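Undergrad: This is the structure I want to talk about, given as structure tokens.
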Amino acid sequence: MNSHYGIYGGQYIAETLMPTLIELEKEYLKAKDDPAFQAEYRELLADYVGRESPLYYAKRLSESLGGARIYLKREDLNHTGAHKINNTIGQALLARRMGKTRLIAETGAGMHGVGTATVAALFGMECDVFMGAVDVARQAPNVERMKTLGARVISVESGSATLKDAMNEAIRNWVATAENTFYVIGTVAGPHPYPAIVRDFQSVIGTESRRQILEKRGKLPAEVLACVGGGSNAIGMFSAFLNDPEVKLTGVEAGGEGIETGKHAASIGGGRVGVLHGCKTYLLQTPDGQIVEAYSVSAGLDYPGVGPEHSYLADSGRVKYVAINDDEAVAAFDTLSRLEGIIPALESSHALAQAIKVAKNYSPDESIIVCLSGRGDKDMDNIAKYKKSREK
Amino acid sequence: MESRINRCLNRCRAEQRSALVVYATVGCPTPEESEILIHRLIDAGADMIELGVPFSDPMADGPVIQRAGQVALKAGTTLPEILRIAGRIRAAHPETPLVLFSYYNVLLNHGLDRLGADLKAAGVDGVLVVDLPLEERGEIIPMCDKYGIELIPLVSPATSPERAAKIAEGCSGFVYCITVRGVTGVRSSLPPELALELEAAKQACRLPVAAGFGISTPEMAREVSAHADAVVVGSAMVGTLLDHGADAAVSLIGSIAGGMR
């Protein structure tokens, strides 16, 4: 496998973990070519996750904007309510194949933690989820879900006590436990081969979407949009369209209170190249190379880095990356809830807000696809708090 | 000419003892105080100093070095400041090898060529980059070659002998053997298989070995020194500094050094 995407990616990690990564790559390549492994993965996606997920024509939303037909890829309808499970099932199957009995994971909004806790229960594995103390407080319902599923949630107090610190702590734990423990990384970041493994498991989003839109419309969409924190739903969605030059691909980063304010999570839009958590990529950092805290109203996008393949796709120009601010995402959250009866995750609302912005640039016989990566139930408290703070 | 690191290891070998390497987080508690501390550590018996560069996300470090890094960053410590401190330590202690111990991102941001020039000017002998394994170190080797900086490689208990041999290839100072599977930090005991692992690393690498991670007391240091050319003490000193102050940290290093002689 190629461990780099142009200058990005790689394996910038302590020597103690290198033998584990080498073994993982070897096992993954075998699993990829193993029909039995793939069959079990497909069967679980169908019967346990509930795939394929619908590609839904959002008619009222589209008509209200008077432009392109907007289609929503309904990853929110997956078991556990987000795209994360596509990946956690795949990695848990890999873990079992490698004889590991314990799963660990980092989580921000809690969706990946829930996804990992779910498959740990399904496969009868021990599970520890590392979560920043700040996120434990703002995503309480997901903490309860993980505990209900039998996982331990370890509240991480170090650093900024958010997703990046949860990942630091997961890596520290893994260094000491790799012999029996599999680290289930939730996004397309981390050292090689993780970005490739996670992309492959999430590519089902794009593969289905491409086929579905061709069935429904007889032609490819004009534009495909997805939100980007680490960027796993986006890579999964984009992967099927990379070789369709007529399809515009747009990754939507979290602009927080605006890139110009410095309070944002747009690593590509407002960061510089660096090395964190095992890969070289765009990062939010000081001129001295210290990582700075990301900010977004949405906990799932609150990460100061981005998957290395996104950095590569940004430089190559194949994918355009834009930023949507908190207020625009919250407005899109409300719009979709009221017009379509679908409450989207705040993360996905960023992609939606960009779609709402650009829909009118297209004619009604063109279509655009938005990856609705998750459901918004987990965000109700946050939205209420956010709106209250705005009233003041 | 023989390198300063080799001269140091040979000198210790002639005295029939292992070298004592002390890791200090530069800038903890403040840049000024850490500079004074390092002078004192050398006077107390440290044969070699690892200049720890603080990083916001030290993934290979336990709670003590994490805390020290945060203290140092809060005190405004930057790599250019660390390099200035290194230059002054070099001037005062011409024969004590200095090794910069860092995460890669800080070095990358400084600019690798500029780093090489600055290290050479400051009189730093080597660089050890925690998160730059064999697979990625090609990025930094040209800088090391150009400026005569020794790249200190790391091997761990998880590293196979074949891989250890590859890791040592092209390196000349010593190889840093991580003694435990885990992050840095004070430990009450070391793994029983450590002696065998250190001997195996020596065989595979054909370089002097320094054993580090978890060595916390004079007894442990003495025990490990039977199997290693150098013994690294980090968290024990830094933790003592944080909890009990510089005098206690210097006296710990003094007693470890005394125990190894």
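The values are calculated or read from the model by the stated rules, or taken from the named source; none is laboratory data. Nothing here was measured: the structure is a model prediction, and the numbers come from that model. Cβ atoms come from the backbone with ideal geometry, glycine included; neighbour counts cover every protein chain shown.
Undergrad: For residues in segment A:32-48 being over 23 Å from the mean Cα position of the chain (by Cα) and small (Gly, Ala, Ser), which is farthest from the other protein chains (Cβ to nearest Cβ)?
TA: A:39
Undergrad: Mind telling me which of the residues B:198, B:241 ends up being in a helix (DSSP H, G or I), away from chain A (no Cβ under 14 Å), more than 30 Å from residue B:27 (Cβ to Cβ) and not small (Gly, Ala, Ser)?
TA: B:198
Undergrad: Being in a loop (DSSP other than H, G, I, E, B) and small (Gly, Ala, Ser) is the filter here, so list the residues in segment B:158-169 that pass it.
TA: Selection gives B:158, B:160.
Undergrad: Being modelled with pLDDT of 95 or more, surrounded by fewer than 20 Cβ atoms within 10 Å (Cβ to Cβ) and either out of contact with any Ser or Thr (no Cβ under 8 Å at 6 or more places or on another chain) or among the aromatic types (Phe, Trp, Tyr) (or both) narrows it down to one residue among A:360, A:385; which is it? Steps first, please.
TA: Details: A:385 fails: modelled with pLDDT of 95 or more.
Every option except A:360 fails the conditions.
Undergrad: Please verify whether segment B:170-177 includes one or more residues that are surrounded by fewer than 17 Cβ atoms within 10 Å (Cβ to Cβ), at pLDDT below 95, in contact with a strand residue (DSSP E or B) (Cβ under 7 Å, 6 or more places away or on another chain) and assigned to a loop (DSSP other than H, G, I, E, B).
TA: Among the residues of segment B:170-177, at least one is surrounded by fewer than 17 Cβ atoms within 10 Å (Cβ to Cβ), at pLDDT below 95, in contact with a strand residue (DSSP E or B) (Cβ under 7 Å, 6 or more places away or on another chain) and assigned to a loop (DSSP other than H, G, I, E, B), which makes the answer yes.
Undergrad: Considering (1) of a type outside the set (Phe, Trp, Tyr); (2) within 11 Å of chain A (Cβ to nearest Cβ); (3) surrounded by fewer than 18 Cβ atoms within 10 Å (Cβ to Cβ), say which one residue B:192 fails and leave the rest.
TA: (2)
Undergrad: Is it the case that segment A:241-263 has a residue that's among the hydroxyl-bearing types (Ser, Thr, Tyr) and either within 14 Å of another protein chain (Cβ to nearest Cβ) or within 28 Å of residue B:135 (Cβ to Cβ) (or both)? Please lay out each step first, then the result.
TA: Just the residues of segment A:241-263 that are among the hydroxyl-bearing types (Ser, Thr, Tyr), to begin with: A:250, A:261.
Retained after the next criterion (residues that are either within 14 Å of another protein chain (Cβ to nearest Cβ) or within 28 Å of residue B:135 (Cβ to Cβ) (or both)): none.
So far as segment A:241-263 goes, no, none of its residues is among the hydroxyl-bearing types (Ser, Thr, Tyr) and either within 14 Å of another protein chain (Cβ to nearest Cβ) or within 28 Å of residue B:135 (Cβ to Cβ) (or both).
Undergrad: So, in segment A:146-159, how many residues would count as being surrounded by fewer than 24 Cβ atoms within 10 Å (Cβ to Cβ), among the small types (Gly, Ala, Ser) and either in contact with a strand residue (DSSP E or B) (Cβ under 7 Å, 6 or more places away or on another chain) or more than 9 Å from chain B (Cβ to nearest Cβ) (or both)?
TA: Residues meeting the conditions: 2.
Undergrad: I would also like to ask the following. Pick out the one residue from A:82, A:14, A:92, A:58 that is closer than 27 Å to residue A:177 by Cα, away from chain B (no Cβ under 14 Å), aliphatic (A, V, I, L, M) and crowded, with 17+ Cβ neighbours inside 10 Å.
TA: Sole residue among the options that is closer than 27 Å to residue A:177 by Cα, away from chain B (no Cβ under 14 Å), aliphatic (A, V, I, L, M) and crowded, with 17+ Cβ neighbours inside 10 Å: A:92.
Undergrad: Which pairs have Cβ atoms under 9 Å, sit 6 or more apart or on different chains, and link a residue in segment A:283-295 that is more than 8 Å from chain B (Cβ to nearest Cβ) and farther than 16 Å from residue A:269 by Cα to one that is of a type in the set (Lys, Arg) and part of a strand (DSSP E or B)?
TA: Matching pairs, first to second residue: none at all.
Undergrad: From the list A:163, A:225, exactly one residue is within 14 Å of chain B (Cβ to nearest Cβ), buried (at least 24 other Cβ atoms within 10 Å of the Cβ), over 19 Å from residue A:120 (Cα atoms) and touching a residue at least 12 places away in the same chain (Cβ under 8 Å). Which is it?
TA: Details: A:225 fails: within 14 Å of chain B (Cβ to nearest Cβ).
On inspection, the qualifying residue turns out to be A:163.
Yes/no matrix, rows are residues, columns are (1) charged (D, E, K, R); (2) outside any helix (DSSP H, G or I); (3) touching a Pro at 6+ places or on another chain (Cβ under 7 Å):
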| site | (1), (2), (3) |
| --- | --- |
| A:142 | no, no, no |
| A:145 | yes, no, no |
| A:153 | no, yes, no |
| A:160 | no, yes, no |
| A:165 | yes, no, no |
| A:171 | no, no, no |
| A:199 | yes, no, no |
| A:205 | no, no, no |
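Undergrad: Confirm whether residue B:220 is more than 16 Å from the chain's Cα centre (by Cα) and part of a helix (DSSP H, G or I).
TA: yes
Undergrad: Quick one: residue A:285 ticks every box in (1) within 19 Å of residue A:186 (Cα to Cα); (2) crowded, with 21+ Cβ neighbours inside 10 Å; (3) among the polar types (S, T, N, Q) bar one, so which box is it?
TA: Answer for residue A:285: the failing condition is (1).
Undergrad: Can you find a residue that is in a helix (DSSP H, G or I) and either within 24 Å of residue A:305 (Cβ to Cβ) or among the polar types (S, T, N, Q) (or both) anywhere in segment A:243-260?
TA: Yes: one or more hits.
Undergrad: Of the residues that sit in segment B:115-137 and are among the small types (Gly, Ala, Ser) and assigned to a helix (DSSP H, G or I), which one is farthest from the other protein chains (Cβ to nearest Cβ)?
TA: Taking the candidates together, the pick is B:121.
Undergrad: Could you check segment B:4-114 for helices (runs of 4 or more DSSP H) lying wholly inside it with 1 or more residues that are surrounded by fewer than 18 Cβ atoms within 10 Å (Cβ to Cβ), β-branched (Val, Ile, Thr) and more than 14 Å from chain A (Cβ to nearest Cβ)?
TA: Working: elements: B:4-14, B:31-43, B:63-74, B:79-92, B:104-110.
Of the helices (runs of 4 or more DSSP H) lying wholly inside segment B:4-114, those with at least 1 residues that are surrounded by fewer than 18 Cβ atoms within 10 Å (Cβ to Cβ), β-branched (Val, Ile, Thr) and more than 14 Å from chain A (Cβ to nearest Cβ) span B:31-43.
Undergrad: Could I ask something else about it? With the structure loaded, tell me whether residue B:141 is away from chain A (no Cβ under 11 Å), out of contact with any helix residue (DSSP H, G or I) (no Cβ under 9 Å at 6 or more places or on another chain) and not hydroxyl-bearing (Ser, Thr, Tyr) or whether it fails that test.
TA: yes
Quick grid of which residues meet (1) part of a loop (DSSP other than H, G, I, E, B); (2) among the hydroxyl-bearing types (Ser, Thr, Tyr); (3) surrounded by fewer than 24 Cβ atoms within 10 Å (Cβ to Cβ):
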{"residue": "A:176", "(1), (2), (3)": "no, no, yes"}
{"residue": "A:185", "(1), (2), (3)": "yes, no, no"}
{"residue": "A:195", "(1), (2), (3)": "no, no, no"}
{"residue": "A:202", "(1), (2), (3)": "no, no, no"}
{"residue": "A:212", "(1), (2), (3)": "no, no, yes"}
{"residue": "A:230", "(1), (2), (3)": "yes, no, no"}
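Undergrad: Would you confirm whether any residue within segment B:206-217 is under 22 Å from residue B:5 (Cβ atoms), more than 18 Å from the chain's Cα centre (by Cα) and not aromatic (Phe, Trp, Tyr)?
TA: Yes, segment B:206-217 contains a residue that is under 22 Å from residue B:5 (Cβ atoms), more than 18 Å from the chain's Cα centre (by Cα) and not aromatic (Phe, Trp, Tyr).
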